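We did not get these values from a lab; they are worked out from the coordinates using the rules stated. Predicted, not measured: the structure shown is a model, and the values here were computed from it. Here the Cβ positions follow ideal geometry from the backbone for every residue, glycine too, while neighbour counts run over all protein chains shown.
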Amino acid sequence: MHKNVTYSLVIPFMNEEEVLPMLMDRLEGFMADLDGPAEVMFIDDGSRDNSAALVAERARQDARFKMIRLSRNFGHQIAVTAGLNEANGDAVIIMDADLQDPPEVAHDLIAKWHEGYEIVHAQRRRREGETLFKKVTANLFYRGLARLSSVDIPRDVGDFRLVDARVVRAIRAMPERDRFLRGMFAWVGFRQCLVQFDRPERQAGETKYPLKKMLKLAMDGVIGFSDAPLRLALWLGALVSLGAMLYGAYIFSMALFTDRFVDGWASTVVILSFLSGMNLLISGVIGLFVGRIHNEAKQRPLYFVSESIGLNEVVRLPDQRRLFQTHNALAG
Ligand code: UDP
Ligand code: MG
């Protein structure tokens, strides 16, 4: 059981004006039930609607609400990273803005944290109101990745989880550019456990994860946490060479022992185009990995912050207990 604890909620959002007021109301109730003070770190991931203004207004009235605005849309994983970099709490809870990760479930995560777990993943038992396509592809992805990956990435776990401040520091020490946080959390180790929940529907607005972003995330997961694609290239190469050798032996023996000539043109064209296809495919796989090296080599910062509200502030509670000193002092 931890004593005198502080909590941070890290919530990235992009164009969520429909759901944010509902979310902030729910969070107020949630924070009132906590056993310690909390801050809500909102990250505006390049919203083009009224979202940031809504949060800013609340943040000016209530110092527990804070906001970082990224200079453009950097994507959900980077937005979460920005939040983790500023979160001060002893326990940090990452959740979506659309109330698909119900704040009430966070109480179960916290209970596990008090038991001594440093990472508590929320695992989806059921998903409400999502398309069959999303359920099927997500299912395939989680199962496929679990097989391919060298680290044990829990299935049906998204980004909803509680992590101890120690884990936050570990993640801060991992500067990789193409980020797949759920893999990174699995990779850092520490004591981890799962809490199951039924995932409700998004409470308002539309999904901000179109197929393209889902594919990019899936790619980052596979390439970042598995070298199976590279090994696949090796096996394919070996297989094709074996086939070529067998075929060569066949042609050779036909020429030696029979008077039938192997008809040349069709087989040559088929084999050649098959082999060039293989070559391209495998260069493509290698290219994906080289692309990541290129991305790392550029050494660009992960994101830029254009504005922030409520950071670096000392929050005084009614009982005058100092909650958060400068965030740097606590983050160090
Ligand atoms: N999000 C974000 N940046 C993006 C896309 C999404 O910050 O580029 C946020 C979004 O506002 C939400 C969370 O990430 O808070 C999860 O997105 P969403 O609910 O649309 O994904 P889904 O639940 O449909 O997979
Ligand atoms: Mg959602």
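The set of residues in region 208-219 being touching a residue at least 24 places away in the same chain (Cβ under 8 Å) and within 16 Å of ligand 2 (Cβ to nearest atom) consists of Lys208, Tyr209, Lys213, Met214, Leu217. Candidates Asp164, Asp159: the one that is under 20 Å from Ile223 (Cα atoms) and either buried (at least 16 other Cβ atoms within 10 Å of the Cβ) or under 14 Å from the mean Cα position of the chain (by Cα) (or both) is Asp159. For region 193-207, filtered to residues that are part of a loop (DSSP other than H, G, I, E, B) and of a type outside the set (A, V, I, L, M, F, W, C), the residue that is farthest from Asp152 (Cα to Cα) is Gly205. Taken over region 247-286, residues that are of a type in the set (A, V, I, L, M, F, W, C) and closer than 30 Å to Leu230 by Cβ amount to 13.
For Glu128, the conditions (1) within 12 Å of ligand 1 (Cβ to nearest atom); (2) farther than 27 Å from Met14 by Cβ are fulfilled apart from (2).
Of all residues in region 70-99, those that are farther than 24 Å from Arg169 by Cβ, surrounded by fewer than 22 Cβ atoms within 10 Å (Cβ to Cβ) and in contact with a helix residue (DSSP H, G or I) (Cβ under 9 Å, 6 or more places away or on another chain) total 2.
Can you confirm whether Gly248 is surrounded by fewer than 16 Cβ atoms within 10 Å (Cβ to Cβ) and away from ligand 1 (no atom under 16 Å from the Cβ)? Spelling it out, Gly248 is indeed surrounded by fewer than 16 Cβ atoms within 10 Å (Cβ to Cβ) and away from ligand 1 (no atom under 16 Å from the Cβ). Residues that are away from ligand 1 (no atom under 16 Å from the Cβ) and of a type in the set (D, E, K, R) within region 206-240 comprise Asp227, Arg231, listed in sequence order. Might you let me know whether region 173-190 holds any residue that is within 13 Å of ligand 1 (Cβ to nearest atom), out of contact with any helix residue (DSSP H, G or I) (no Cβ under 7 Å at 6 or more places or on another chain), part of a loop (DSSP other than H, G, I, E, B) and on the phi > 0 side of the Ramachandran plot? No, there is no match, as no residue in region 173-190 is within 13 Å of ligand 1 (Cβ to nearest atom), out of contact with any helix residue (DSSP H, G or I) (no Cβ under 7 Å at 6 or more places or on another chain), part of a loop (DSSP other than H, G, I, E, B) and on the phi > 0 side of the Ramachandran plot. Can you find, within region 135-154, the residue that is nearest to Val168 (Cα to Cα) among those that are of a type in the set (Lys, Arg) and free of Cβ contacts under 8 Å to residues at least 12 places away in the same chain? Per the criteria, the residue is Arg147. Is there any pair with a first residue in region 220-249 that is under 13 Å from Ser149 (Cα atoms) and touching a residue at least 12 places away in the same chain (Cβ under 8 Å) and a second that is surrounded by 14 or more Cβ atoms within 10 Å (Cβ to Cβ) and among the basic types (Lys, Arg) whose Cβ atoms are under 9 Å apart and which are 6 or more apart or on different chains, and what are they? From residues that are under 13 Å from Ser149 (Cα atoms) and touching a residue at least 12 places away in the same chain (Cβ under 8 Å), the pairs are Asp220/Arg179; Asp220/Arg292; Gly221/Arg182; Ile223/Arg292; Gly224/Arg179; Gly224/Arg292.
A count restricted to region 3-20 and to residues that are more than 9 Å from ligand 1 (Cβ to nearest atom), touching a strand residue (DSSP E or B) at 6+ places or on another chain (Cβ under 8 Å) and part of a loop (DSSP other than H, G, I, E, B) stands at 2.
So which residues in region 74-92 are more than 16 Å from ligand 2 (Cβ to nearest atom) and outside any helix (DSSP H, G or I)? Scanning region 74-92 gives Phe74, Ala87, Asn88, Gly89, Asp90, Ala91, Val92.
Is it true that some residue in region 260-272 is loosely packed, with under 13 Cβ neighbours inside 10 Å and among the hydroxyl-bearing types (Ser, Thr, Tyr)? Scanning region 260-272, I find at least one residue that is loosely packed, with under 13 Cβ neighbours inside 10 Å and among the hydroxyl-bearing types (Ser, Thr, Tyr), so the answer is yes.
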